[in-house]
Each structure stands twice: as C-alpha cells, then as structure tokens.
Amino acid sequence: MKKIRAIIVDDEKASRDSLAHYLRKYCPDVTVVQECANIQEAHEAIRTHQPELAFLDIEMPYGNAFDLLEQLEEVNFEAIFITAFSQYAIQALNLSAAYYILKPIDIDELVQAVSKVKDRLQDKANIHHARILRDNLSKLQPGSQRVVLPLLDGFEAVDMQDILYCEAADNFTYFHLKNGERPMICRKLKFYDELLSDHGFCRIHRSYMANLRYVRRYIKGKGGFVVLENGTELPVANARKGALLEHFR
C-alpha cells in the first residue's frame with residue numbers, strides 16, 4: 001500500500017513535533033504532509049493536500065477538532081483524535097473516528113490506531129476498484145451501466161441515466177442527480193470524463209460534463225449555453241462547442 005498522507009493538528013508545537021517523530025520512527029507507512037497549529041491552518045492543509053488521515057487534538061484555542069469536522073462540507077479522510085481529556089472518548093467514537101489516543105501518547109496505541117486506519121483505507125480502495133471493474137467495464141447495454149461513487153462510509157452505485165451533469169470543484173467532483181442529491185466525490189472531473197465519455201456524456205466546459213440525454217436546448221454565443229430538462233443552464237466553452245454540436249449531428 002502506498003504511504004498515507006497525513007496532517008497533524010495541535011496547537012502545541014512540542015506535541016506536534018513529538019507525534020511527527022513517533023510516526024517517522026514507528027509508523028513508516030505514514031507521511032506527514034503538514035503540521036497545523038489551529039483549525040484555520042487545518043482547513044487550508046486539507047484543501048491543499050487532500051490528506052487521507054488527520055491527527056486531531058481535540059482541545060485547541062479558537063475552535064476544537066469537532067468544530068473543524070462540522071465546518072467541512074465533506075470529510076474525506078480518516079481521523080485519529082488525540083486528547084488529554086478522556087471524557088471526549090465517547091464523543092470521538094460516536095463520530096466514528098478511526099481511533100482516539102490519550103495524552104501522553106502511548107506508542108502501542110499509536111501503532112494500533114494507524115493500523116486500523118490502513119485497514120479502513122484498504123477496504124475503501126478494494127470496494128472502489130472492484131465495483132468499478134464489475135459495473136463499468138462489464139459488457140452491458142449502453143446507458144444501463146452504473147457509476148460507483150466512493151463515499152466516506154462506503155460507496156453508492158448510481159445509474160448513469162440518473163446523472164444530470166457533473167461539476168468540477170478543485171480535486172473533487174459533484175454529481176448532480178435527478179432526485180436533487182449532489183454527492184461530492186474525491187476525484188477530479190477528468191477521471192469521470194474519461195470514464196463516461198463513451199456513454200452519452202460530453203465535457204462541455206472545464207467545470208462541467210453534461211449527460212446529453214437531458215440536454216433540451218442549446219443557446220448560441222461565443223461558447224453558448226445548454227439548458228437541461230430541469231431548467232439548469234450550463235456554460236459551453238468555445239473550445240468544446242464543436243464536440244458538443246457533433247453529438248447532435
């Protein structure tokens with residue numbers, strides 16, 4: 001398994017340094033990509049590095065670890081809570097944290113927590129790759145295939161015909177579904193562009209890929225706009241207009 005990208009969030013530098021040292025020495029599968037002193041720095045680190053694991057000190061000035069998790073639109077990483085206060089243990093478990101560790105850190109506890117995270121990440125990877133192969137590469141009738149979307153707590157299999165369009169958001173992709181749901185997946189739009197382009201989807205803009213079965217109107221312009229059957233208007237990039245119009249010829 002590749003190394004796990006991790007961040008450390010703790011307001012005490014000595015605690016951050018100590019944990020980073022333990023990880024280098026006892027958990028070689030973990031690479032610390034950034035150390036953060038508060039939840040504001042943690043927000044930026046999560047956006048920049050897309051970590052798979054966060055070591056979160058629960059009690060910090062100006063917002064604790066639970067505040068950080070609640071403020072995030074999607075939590076796409078595992079969490080190990082670190083605290084000097086055992087009363088937080090139950091709350092951590094109720095939030096389905098991978099583990100919690102009491103200060104001062106016990107090496108055995110740290111190694112066990114990281115091992116648990118590795119197992120959970122491997123389970124997610126196995127689900128993702130196995131279902132992609134089974135559902136998206138099987139010889140099914142065009143349009144009847146499903147896309148398997150990896151979620152924080154498992155996966156969701158979505159029929160292609162239920163997808164209106166996909167929207168890029170940095171390293172994430174929003175899937176806008178007919179039922180109004182909008183799951184956000186930790187994959188770039190380019191990944192799904194390559195996966196869905198042979199199944200009635202067209203990349204019409206750097207930020208949008210439309211399911212052509214739901215395009216009801218095209219409005220001319222430099223690039224123009226498409227109007228979907230639910231009234232949503234999506235811009236068309238000038239460089240991609242030709243490919244879109246070719247589909248309808």
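Give the residues of the range 54-74 that are hydrophobic (A, V, I, L, M, F, W, C) and under 10 Å from D11 (Cβ atoms), sorted by residue number.
Applying the first criterion (hydrophobic (A, V, I, L, M, F, W, C)) to the range 54-74 yields 54-56, 58, 60, 65-66, 68-69, 72.
M60, the sole residue that qualifies.
Among the residues that make up the range 205-218, is at least one of them more than 26 Å from L149 (Cα to Cα) and not charged (D, E, K, R)? Spell out how you get there, then give the answer.
Step one: of the range 205-218, the residues more than 26 Å from L149 (Cα to Cα) are 216-218.
Now narrow it down to the ones that are not charged (D, E, K, R): 218.
So far as the range 205-218 goes, yes, one or more of its residues are more than 26 Å from L149 (Cα to Cα) and not charged (D, E, K, R).
Scan Q34, Q40 and give me the residue that is assigned to a strand (DSSP E or B) and either over 16 Å from V111 (Cα atoms) or not assigned by TED's automatic domain parsing to the domain that holds Q71 (or both).
Answer to the check: Q34.
Restricting attention to the range 37-58, and to residues there that are within 21 Å of K188 (Cβ to Cβ) and among the β-branched types (V, I, T), which single residue is surrounded by the most Cβ atoms within 10 Å (Cβ to Cβ)?
Looking at residues that are within 21 Å of K188 (Cβ to Cβ) and among the β-branched types (V, I, T), I get I46.
Do we find that E156 is touching a Leu at 6+ places or on another chain (Cβ under 7 Å), surrounded by 14 or more Cβ atoms within 10 Å (Cβ to Cβ), under 29 Å from L53 (Cβ atoms) and not assigned by TED's automatic domain parsing to the domain that holds L53 in this structure?
Yes.
Just checking, which of N126, N76 is in a helix (DSSP H, G or I), modelled with pLDDT under 90 and within 30 Å of D198 (Cβ to Cβ)?
N126
Would you kindly identify the strands (runs of 3 or more DSSP E) lying entirely within the range 161-237 that contain at least 3 residues that are in contact with a Pro (Cβ under 9 Å, 6 or more places away or on another chain)?
172-177
In the range 1-22, how many are more than 19 Å from G63 (Cα to Cα), among the aliphatic types (A, V, I, L, M) and either over 25 Å from the mean Cα position of the chain (by Cα) or not in a loop (DSSP other than H, G, I, E, B) (or both)? So that I can check it myself, show each step before the final result.
Of the residues in the range 1-22, the ones more than 19 Å from G63 (Cα to Cα) are 1-6, 14, 17-22.
If we keep only those that are among the aliphatic types (A, V, I, L, M) too, we end up with 1, 4, 6, 14, 19-20.
Now restrict to residues that are either over 25 Å from the mean Cα position of the chain (by Cα) or not in a loop (DSSP other than H, G, I, E, B) (or both): 4, 6, 14, 19-20.
Going through the range 1-22 one residue at a time, the tally reaches 5.
Determine, yes or no, whether L212 is more than 30 Å from E78 (Cβ to Cβ), over 21 Å from the mean Cα position of the chain (by Cα) and in contact (Cβ under 8 Å) with a residue 40 or more places away in the chain.
Against the criterion (more than 30 Å from E78 (Cβ to Cβ), over 21 Å from the mean Cα position of the chain (by Cα) and in contact (Cβ under 8 Å) with a residue 40 or more places away in the chain), L212 does not qualify.
The values are calculated or read from the model by the stated rules, or taken from the named source; none is laboratory data. In this text the structure is predicted, and so the values were computed from the model without any measurement. So basically every Cβ, Gly included, is an ideal-geometry build from the backbone, and we count neighbours across all protein chains shown.
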